[in-house]
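What follows is a short report on a single structure.
Values in this text are rule-based calculations from the coordinates and carry no lab data. This is a predicted model, so every value here is computed, not measured. As a convention, Cβ positions derive from the backbone with ideal geometry for all residues, glycine included, and neighbour counts pool all protein chains shown.
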Amino acid sequence: MQREVEKYRKPTRILHWIHAGAFVLLFLTGLVLFIPQLGILAQDSWTRVIHRIAAVIFVIAPLIYIPMNWKATKRGIKDAFSWGADDIGWLQAAPRYYFLGNEEGMPPQGHMNTGQKMWWFLVIVFGVVFVITGLIMWFAKTTAPAAVLQWMVFIHDVAFIVTGAMLFLHIYLGVIHPLMTESWGAMVRGKISAGYAKKHHSLWYEEVTKGKEVKS
Ligand code: HEM
Ligand code: HEM
């Protein structure tokens, strides 16, 4: 009998890790451009070159993934923009759960819990913001009015601060938090145990097993 359920398919995992690598490079090279004291590291403009190469990977990877995985993309986007009463309940119960391990009041969750949906939502919205503002700074540097460029830098910086802070939280929850024991495996091997799925994503577990018991 099946003991594990698949949480992320191989193409999704490959996209995640390529995107994560590109994003971390963009973050680190962006940090060098953002903090004037790190200017010494930007000598010879190598930081800018790496920033641009990583930006191309950041844009092209999903463009290759989307047409090849249209059904999964549509479901993922629907997830990111579907919010309901359970999400409010999750936000209220989450501090007790994550800090004290008290599960009381945690509503049942789907394939992504509310926190994961929030990160996914931010990735989509700020991903678009990064690309639009970044391309204007890149290709219209000499033609756009100075005020427009200043706004683009400002918006790019706001996106950098918000997503940068949330990235640390994402890594902490995915890799370190003591209750998220199978998160890492989900994104590396693609599978989680039936018991973990039932405990953390019961609505989704019911849906994929159609009520059948999967031994864990
Ligand atoms: C995905 C598409 C992206 C493009 C096309 C892009 C492009 C650019 C460009 C052209 C610049 C100006 C660099 C220069 O001075 O020559 C820049 C600056 C910067 N980028 Fe990006 N970028 C992208 C994504 C990101 C991401 C994901 C982050 C961080 C997580 C980021 C953080 C920064 C920061 C902090 C700066 C410095 C802005 C300043 O001077 O205050 N960028 N980016
Ligand atoms: C490099 C550091 C990163 C690590 C170690 C990491 C780790 C993980 C792990 C373990 C999961 C599975 C969580 C679960 O289902 O239980 C995950 C999911 C996910 N990751 Fe990452 N990730 C990283 C960077 C990123 C970046 C940069 C992005 C976006 C550009 C991203 C976007 C996502 C999304 C959308 C999900 C699915 C929703 C969620 O679980 O939050 N990750 N990541």
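Observations
- Sequence of 120, 151, 90 once ranked by neighbouring C-beta atoms within 10 Å, starting from the fewest: 151, 120, 90
- Length, then width, then depth: along the principal axes, the Cα atoms of the chain run 62, 38, 30 Å.
- Between the C-alpha center of region 111-135 and that of region 3-22 there is a gap of 17 Å.
- Entries of 10/141; 71/198; 74/141; 117/141 with Cα pairs more than 28 Å apart: 10/141; 74/141; 117/141
- Of every Cα-Cα pair in region 1-100, the percent that sits beyond 22 Å: 57
- Cross-link partners for residue 199 among the aspartates and glutamates, with Cα-Cα distance under 20 Å and sequence neighbours closer than 8 places in the same chain left out: 4, 6, 79, 86, 87, 103, 104, 182, 207, 213.
- Span-rule helices in the chain, defined as complete DSSP H runs reaching 20 Å or more along the axis (Cα) with Kyte mean at least 0.5: 10-34, 46-68, 114-139, 146-171
- 210, 117 arranged by Cβ crowding within 10 Å, fewest neighbours leading: 210, 117
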